[in-house]
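Working notes for the structure below.
The values are calculated or read from the model by the stated rules, or taken from the named source; none is laboratory data. Please read all numbers here as calculations on a predicted model, not as lab measurements. For neighbour counting, all protein chains shown are included, and Cβ atoms are generated from backbone atoms with ideal geometry for every residue, glycine included. These area figures cover heavy atoms from the full protein model, side chains too; ligands, DNA and RNA do not enter into them. Shrake-Rupley method; radii C 1.70, N 1.55, O 1.52, S 1.80 Å.
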Amino acid sequence: MNPVELYKQLPKTNCGECRQKACMPFAFAVLKGDADLSECSRLPAKGKDELATSIRKTDWREDLIANLQAEIKGIPFNEVADNLGAEYRDGKLFFTCFGREVIICSDGEIQAKKTLTPWMKMLLLFYIKNGGCGGLSGKWVFHNELRGGMMKYKAFLRECEEPLKELFDRHLDKAALLLDAYGASHPAEFPSQHAWLVYVFPRLPILLIYWPKDDEFESKVTMRFDSTADNCFDVEQLIFLVEELIKDMEVSL
């Protein structure tokens, strides 16, 4: 069953109750293994059971991870460690991503005490392949100010800022604790008491600023990146990265 065929079997209400917010992206997510039919609240239990027998999930991510691992085998870790913000020791790279201590072996094998999702693994390997950012500029920019960011900015607002705003609206205190667990700091120079500077990767800081709803304005979230962020990832990979950060927080709530 392809995504269009699965979509035709869904309620097609675009109710917004699942993480994908609409039925077509939900169909894609189910077939990729990123979502389960049980997450659709509008699909009857009988319908879920019947559809489940027709679905064969194919996880293309594992193939991509294997290809990326093969590519980084030729990278001299000792030469790129500094740009990555990693420690080079015994032929391996040691650093933190998504608040997790990770070790990358010369053959691309990833070791971590905490679970890494396939998306985290892909982003980690892309980070090494792309060579990191080197020194940071200290200049904060919005996603649409990065190379190619204007073309993807609507997607960034829809997939990143809006879901993060909803998460803060519902679980501000818990979300703040989770960001602290990532090692976030609290910069005081921004016009909100809810601001976090979190290093998702050693050379990739993200600034999150949240304004709660008040008598005059609706709640709002903005994200800013160091201007060197597009050396670490392209703008689409940055969307995937923020999505994964939000999902990781949601799982812990």
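Some notes on this structure:
- Among the residues listed as Arg61, Arg56, the single one being closer than 18 Å to Val4 by Cα and of a type in the set (Lys, Arg): Arg56
- Number of residues in the range 158-194 that are small (Gly, Ala, Ser) and either more than 28 Å from Val102 (Cα to Cα) or touching a His at 6+ places or on another chain (Cβ under 9 Å) (or both): the value is 3.
- Positions within the range 198-207 being open to solvent by less than 10 Å² (accessible area, probe 1.4 Å) and either farther than 30 Å from Phe126 by Cα or in contact (Cβ under 8 Å) with a residue 60 or more places away in the chain (or both), in sequence order: Val200, Phe201, Leu204, Pro205, Leu207
- Index of the failed condition, Ser41 passing every other in (1) under 23 Å from the mean Cα position of the chain (by Cα); (2) open to solvent by 40 Å² or more (accessible area, probe 1.4 Å); (3) within 23 Å of Glu166 (Cα to Cα): (1)
- Scanning the range 7-18 for residues that are under 22 Å from the mean Cα position of the chain (by Cα) and surrounded by fewer than 16 Cβ atoms within 10 Å (Cβ to Cβ) yields Gly16, Glu17.
- Residue within the range 183-197 that is of a type outside the set (Val, Ile, Thr), touching a residue at least 60 places away in the same chain (Cβ under 8 Å), assigned to a loop (DSSP other than H, G, I, E, B) and surrounded by fewer than 18 Cβ atoms within 10 Å (Cβ to Cβ) present: yes
- Against the numbered list (1) touching a helix residue (DSSP H, G or I) at 6+ places or on another chain (Cβ under 7 Å); (2) over 20 Å from Val242 (Cα atoms); (3) surrounded by fewer than 17 Cβ atoms within 10 Å (Cβ to Cβ), Gly108 comes up short only at (3).
- The range 113-127 residues that are under 17 Å from Lys32 (Cβ atoms) and in contact (Cβ under 8 Å) with a residue 40 or more places away in the chain, paired with ones that are open to solvent by 40 Å² or more (accessible area, probe 1.4 Å) and not charged (D, E, K, R) (beta carbon under 7 Å, 6 or more apart): Trp119/Phe240; Met122/Leu64; Leu123/Phe240
- Pairing each residue of the range 228-241 that is within 11 Å of Val200 (Cβ to Cβ) and part of a helix (DSSP H, G or I) with any residue that is open to solvent by 20 Å² or more (accessible area, probe 1.4 Å) and of a type outside the set (Val, Ile, Thr), provided the two are 6+ apart or on different chains, yields C-beta distances under 7 Å for Cys232/Asn130; Cys232/Arg203.
- Against the numbered list (1) assigned to a helix (DSSP H, G or I); (2) surrounded by 18 or more Cβ atoms within 10 Å (Cβ to Cβ), Tyr210 comes up short only at (1).
Yes or no, residue by residue, for (1) surrounded by fewer than 14 Cβ atoms within 10 Å (Cβ to Cβ); (2) touching a helix residue (DSSP H, G or I) at 6+ places or on another chain (Cβ under 6 Å); (3) not polar (S, T, N, Q); (4) not in a helix (DSSP H, G or I):
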position: Glu5; (1), (2), (3), (4): yes, no, yes, no
position: Met24; (1), (2), (3), (4): no, yes, yes, no
position: Ala35; (1), (2), (3), (4): no, yes, yes, yes
position: Lys46; (1), (2), (3), (4): yes, no, yes, no
position: Glu50; (1), (2), (3), (4): yes, no, yes, no
position: Ile75; (1), (2), (3), (4): no, no, yes, yes
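- Some residue of the range 67-90 being within 16 Å of Gly131 (Cα to Cα), in contact (Cβ under 8 Å) with a residue 60 or more places away in the chain and among the hydroxyl-bearing types (Ser, Thr, Tyr): no
- Consider the range 52-66 and keep the residues that are among the β-branched types (Val, Ile, Thr) and surrounded by 12 or more Cβ atoms within 10 Å (Cβ to Cβ). The one that is nearest to Leu116 (Cα to Cα) is Ile65.
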